[in-house]
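Inspection log for the structure reproduced underneath, given as structure tokens.
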Amino acid sequence: MASFKPTKVPFLPKLGEKVTEETLYWKNYKSPVQIKEFGAITKIDFSPLPPHNYAVTASTRIHIYGPHSQEPIRSFTRFRDTAYGGRFRGDGKLLVAGSEEGLIRLFDISGRVALRQFKGHTKAVHMTSFLSDGFRVVSGSDDLSCRVWDVPSAVELSSLTEHTDYIRALAPSKLNPDLFVTGSYDHTVKVFDMRSGSSVMTMQHGHPVECVLLYPSEALLVSTGGRYVKVWDLLKGGQELVSLKNHHKTVTCACLSSVGNKLLTGSLDRHVKVYNSSYKVVHNFDCDASILSMAIAPDDEALAVGMTNGVLSVRHRRHKKDKETLTSRRRRGPSYQVFVKGKNFVPRQDDFLVSKPVKQYLRKYDKQLKSFEVSKALDTALQTWTRTSKPDVTVAVIIELKRRGTLKNALAGRNEESLTKILNFLLKHIFDPRFSRPLLMVGDIVLDLYQQVFHQSPVVERLLQRLMEVLGREAELQQELLQVLGILDTLFTSLTPRKEVAALAASPVAQESQLQAA
Amino acid sequence: MAITVVSVKKVLLLRTLPLKLNEEVVEEYGSHRFMLSHGCRFVLCASGDLVKVYSTRTEEWLHSLQGHTNQVTGIALNPANHLQVYSCSADGTVKLWDFIDGILIKTFIIGYPLFAIYVSEKHEGVLFLHVSMATDSKNECFQLVAVHLPKSAEQEVEAKEMSVVSSHISSNPSCTAFGRGGEYIAFARRLQLNVYFFRKQKTCSFSLKATDKKGAQNAFTCITCHPTDDCIATGHEDGKIRLWRNFIHKKEYTYSTQHWHHNAVNTLCFTPEGTHLLSGGIESVLVQWQYGAGNRKEFLPRLGGSILHISASSDGQLFCTSHSDNKITVIESSFKVCGVLQGLVKGDAVLTDLMIDPRSKALVLNGKPGHLQFYSLLRDKHLYNLDIVQQEYIYEAGLDQFEVAKAAFDIKGSWLATVEERGQKSSDLEFFLKLWAFDERTQSFVLNTTITAAHTDRIISMCFSSSEETTMLVTIAEDGQFKAWCQGADADTQQNQNFWSCDFVGSYHNLKPTNCSFSADSSLLAVSFQEVITIWSPETWEMLTTLCQPPGIIRDLCFGRLSCSKYLLGTTTRNLLCCWNLLTCALEWSSSVEVSKLQPDPLSENVAAFSYQSKHTDLFVFKPSEPRPLFTNKNVCSEKVHRAVFVPREELLNNCDESSQWLNRSQLYFLTQNMDLLTFSTATEEDRMLSSSKQLVIDDSVAVTPFYLLLGKHRQQQQKLNTQSHPAADKPQQPQGSVTIKELLHTPAHVLPAASVLCSMFVNSLLISNTGVQQDCLREEMDSEKEEEDSEEEMEACDSQQELRVQGSVDEVMLKLSKAQERELKRVRKTDFSWMADLIDSKP
């Protein structure tokens, strides 16, 4: 004698992106905090010291925010024109920033007034940075020159004018104080060595370079420009490792996560993309406006994105601790200890074990199905919680009723209220390719059963009309898709050379598109 | 020439009879001497032309009662002797058996085909039989006949004395029943219930309307009578049970109706005390109604196939239900299943091929609805059912159920692919392709992948690749495509799980594929599309060549094995068997045979072809390399053969005979359309089987009592000793003590001497003595002498006889203790005395 076999809820894979560990990691951010700045945000830089404040350069000022504050802790407002490229020194105590008028200013984090001003550039300075020794500042300017400044004396040490267009990207080496990388609108990326006083390596990016980035090992270099993100192998003399084209507008910024060195790129197409170590996109953040700048905090605690409309959006990482505190507040039942009481007893070796008969636990709808109460089972499956959060369970019960040949009985004899429930469920899920077949059948049966009495209830009538409209629209859509499929088929057949085997190869593709159409 | 060597053997167990006459009896059997519990020991069951005896406790088949020449249609216990059973058969005989030892006691020849048998305690020496009197089979006319058994000592007796009780009765044997110890007999036919009273010699009949107001059908389906009360319970086609009372007065009869079954009630049975009524039907739920308590009932659901028959043992300890799926369930009176006797499950149809599980070497085919059954051919035993559909089975007539339509094993037996289908009749076909992985730990198959929409139309056939390294499944479907499925080919899911996914989709000019086959080394795949065979390379999925031999659609395809692996065989619908050479891509030979099934032997080059021509099936066994058959057997059976399988042998046979050489490595089993599983076996095998069945001796013919257990231990030790000393002996030597013990246990209690007298004898019997054998035979002589003595002293009063006998046994004990010489002396004296008496008699 076998026991009752409960209704099987089939697991049907959803079409769309697959859930991986990486996507779970990157999904684990809270909804973004939005802070309004005065103008387009051109640069964001995190302080290397905890608590990891970050400097946001926008319009004529630089604001420094704390990790969780929405108001700036400190702001530097002594710029006459637009400020650019505010960056911290390695110890987080000094900040350097360029500006539209060509001046480079050096600030103490605790002060207000600039400690030093480096004069020499004739045009706007978009990029400034400390070299890794901390005593020199390097800057890239629109006057095609790249200059190195001494911090203590505020004098220019050297000027490099190898680029032939604006310099808009700069990255100093962290391992060697004499090395830095620049990217320019002349489509080249150059590696400069201060010891030789000239560039030691030049790479052709092919598009105006917007951002350059060195991996912590400094063997790999990332450059972004146009719609392309390129990764170069410096140890192989600047060989192109990979070229990525995942954005459909200019990629403006890139940064590396500190956990596992994942590359993130932001673009004017309003997306931030996260790549895995084999440079496949694993996650995507959507923003409201074109992205100009982006930075990620150490340990990936926060992701700050600056946009053209002056909105700074900061995503903080969600911690398990937060969740636990939330749930512990909600739970009022007995503690875990109560449930495991006596169950964690481990029998000794020579103990004789008397096993309890295993009780079969059944869901409520299964119990009702077991006793052939079909209408009640359908009611249970259509309860609000199941209906909304687990539609597959509801559909599984419908399929089971169909299999038993009692679906008609279960649907018959319902009042207006329960009929609206069913119709609402149909409206919501009838286009889901996983559910459409059984649900269309339900729709048919409902129409058959209640044909005579529909006009008595305006609510039901309205729902039916809506159902008819959406079904009509869906049918049109399907027709269009079939037309597209036909076009594709002809294209494929004309593309492939006239060989029998090749014609066969086209069929899986066609089938795939059919699947999508369905 | 070969029929003498090779004979067809039936391996079916527990065949369900077409007339639903499958009757089984649970018999209580035990000795009365020690006042022990009435143990229900045996289940008797009619199966084909045999009556099989099973043990209820071990669920083992003990032996069968052989002798009838046609189907056994009914069995009934002899009410006069509870160790004997009557069986009636369609061959027109009733046989009386001792079912414990399997001995035929008597045969009564009736002369008409018999269809059921009823007996009653009150009518000793009278059998009630269903007899078909019709000359032509069209208008069936059954009669209930009372047959008086002639008292004669002969083995075979013709029973002539017959009287007709009723000339129009239902063909269903459960529509007749004896009431209240045989005072009346009730039988129903369609809408009429008749009660025949033996004392008054008259029949009362009650009839129901064909339908009542609600449109229910009132026809009778079964009848049973209360053992002590005047009450008849009847089951009806609409599922109602009616309890008739007061039917002695024709005008004042009443009945009450109870309704639980939603379909026809197949069987009814009262418990021996009459406290409960058991009923069963197609729902496979055993319902226990409390008698006289109205609607109170208990259920035992999900027993298997629909219940055909229920019987209760005479002490009410056990119930037994027989099911349509070739099963007998033994149920305790506390409503708990305590045993299942399962034969080869016979569903409505075998949709899958016959397959051999490469691991267990079991035969695999459709079993219970939605299951695959694993059946060990070696032990002739049902092993287990694998649940494929994994859904609650709803027992309802006319409901469209999921059925396992296709199944295939890979070469190592680590993967099983199944296709389940629903809605063959209606337009919307639902089917699933499932892949099962063998789990080493649980030693069974576990579901690995379910593919919901493998094809857009029905899957026609599938096969696994035959290479050991990579497993690949190819399915062909009516949508004109064939698909190759591989394990773990999906790169998108990052976890390294062994799921199956589609690797390749192929088609050929949108033709419908008909069959597919892998070559022996799985370097080639042949897929037939209507009249064309396409050959593919599974590595690159390139089509290599096409073969075609019009006209006629290709039906079966198979590659040759071993030395014949360059050949491809195909059969077409236009009676053609073709053999292509794959090296030259040309037709090697063809022959005009209508082949219904082509089956290659995996262990040799041989291929078996079943051909169906003019209402009988012929078998040809041949090698693809030569068009001349190795072995031909005309007229194997009269039905078409669609399923066949070669079963590898455990040990190779060494047959030199040319015609049976093909059976050396494997055995051919095939299934006819009548669902009979047949096989070929050689003469030597047959002999071995017969001898092994003779060796089977039932040893435990003594009821289990504390006393028996005590003795049993002793006996076991002795047997062990015996087997150690004579390992080659066919039958263990009968232990010496057991004769005494048997006598002790089998003699009625009232004739036994006092326990104090017996004690010393009993203790003595337990001792192992060297002279035991001698003593035994001596004692037997003593017994015969004692009888002589009795006959001589007939003239003495009857009262003293009892005393004398006790005396005799005391003497016996005394004698046993005394020396053998003394006994001999006594015997001499006794013989002297008799001789003297003779002399005295003769002198005057």
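Since every read-out is calculated from the coordinates, none of them should be taken as a lab result. Since the model is a prediction, treat every value here as computed from it, not as a measurement. Here Cβ is always computed from backbone atoms with ideal geometry, including for glycine, and neighbour counts include all displayed protein chains.
What is the helix-to-structure angle for A:416-429, meaning the angle in degrees between its Cα long axis and the longest Cα principal axis of chain A, kept from 0 to 90 and rounded to the nearest 10? Here the helix axis deviates by roughly 40 degrees.
Shown for B:HIS68, B:HIS259: other C-beta atoms within 10 Å of each C-beta, ranked fewest to most, produce the order B:HIS259, B:HIS68. Report the calculated FRET efficiency for A:TYR215 and B:THR456 (r = Cβ-Cβ distance, R0 = 51 Å), to the nearest 0.05. Result of the calculation: an efficiency of 0.55.
The Kirkwood hydrodynamic radius of region A:32-317, based on inverse pair distances between different Cα atoms, is 18.5 Å. Summing Lys and Arg as +1 and Asp and Glu as -1 over all other residues whose Cβ lies under 13 Å from the Cβ of B:GLY480 gives a net charge of 0. Between A:SER278 and A:HIS319, the FRET efficiency estimated from the beta carbon spacing at R0 = 35 angstrom works out to 0.80. Placing a label point 7 Å from the Cα of B:HIS509 along the Cα-to-Cβ direction, the residues of region B:519-545 whose backbone N falls under 16 Å of that point are B:527-535, B:543-545. Between B:ALA754 and B:SER376, full extension at 0.36 nm per residue minus the direct alpha carbon distance yields a gain of 130.8 nm. Taking a ≥ b ≥ c as the square roots of the eigenvalues of the Cα gyration tensor, an a/c ratio of 1.5 or more together with a/b larger than b/c marks chain A as prolate.
Calculated mean residue ellipticity, 222 nm, chain A: -9000 deg cm²/dmol, from DSSP H runs (n ≥ 4) at -39500 (n - 2.57) each, averaged per residue and rounded to 500. Of the residues B:CYS564, B:CYS759, the one with the fewest other Cβ atoms within 10 Å heads the list, and the complete ranking is B:CYS759, B:CYS564. About its Cα centre, the dipole of chain A is roughly 2480 debye, where the only charges are +1 on Lys and Arg Cβ and -1 on Asp and Glu Cβ.
Across region A:350-365, computed HN-Hα scalar couplings (Karplus, 6.51 cos²θ - 1.76 cosθ + 1.60, θ = phi - 60°) run 9, 6, 8, 9, 9, 8, 6, x, 6, 8, 8, 8, 10, 5, 5, 5 Hz from first to last residue, x flagging Gly and Pro. Can you give me the angle between helix A:391-404 and the longest principal axis of chain A, using Cα atoms only, in degrees from 0 to 90, rounded to the nearest 10? So the helix axis and the longest Cα principal axis differ by about 30 degrees. Dipole orientation for region A:364-492: of the candidates A:PRO433, A:LEU423, A:THR380, A:THR380 has the Cα lying most toward the positive pole (charges on Cβ; Lys, Arg +1; Asp, Glu -1). Computed from the Cβ-Cβ distance with R0 of 22 Å, the FRET efficiency linking B:LEU447 to B:LEU383 stands at 0.70. Along region B:664-670 the Karplus relation, 6.51 cos²θ - 1.76 cosθ + 1.60 evaluated at θ = phi - 60°, assigns HN-Hα couplings of 5, 8, 8, 10, 9, 10, 9 Hz to successive residues, with x for each Gly and Pro.
Rg of the Cα atoms in region A:364-492, relative to 2.2 N^0.38 Å, amounts to 1.20.
List the relative contact order of region A:32-317 as a percent without decimals, with contacts defined as Cα pairs under 8 Å and 6+ residues apart.
Reported as a whole number, the value is 13 percent.
In terms of surrounding Cβ atoms within a 10 Å radius of their Cβ, B:PHE670, B:PHE499 rank from fewest to most as B:PHE499, B:PHE670. The dipole here belongs to region A:364-492: it is taken about the Cα centre, uses +1 on the Cβ of Lys and Arg and -1 on the Cβ of Asp and Glu, and is about 660 debye. For region A:234-315, the set of chymotrypsin sites (Phe, Trp or Tyr not before Pro) satisfying both a DSSP loop assignment and a count of at most 13 other C-beta atoms within 10 Å is empty.
Normalised by 2.2 N^0.38 Å, where N is the number of residues, the alpha-carbon radius of gyration of region A:94-212 equals 0.99.
Of the trypsin sites (Lys or Arg not before Pro) found in region B:610-660, those in coil by DSSP whose Cβ has at most 13 other Cβ atoms within 10 Å are B:LYS615.
Computed from Cα positions, the angle between helix A:320-330 and the longest principal axis of chain A comes to roughly 40 degrees. Put a dot 7 Å past the Cα of A:ASP288, heading toward its Cβ, do the same for A:GLN34, and the two dots end up 0.2 nm apart.
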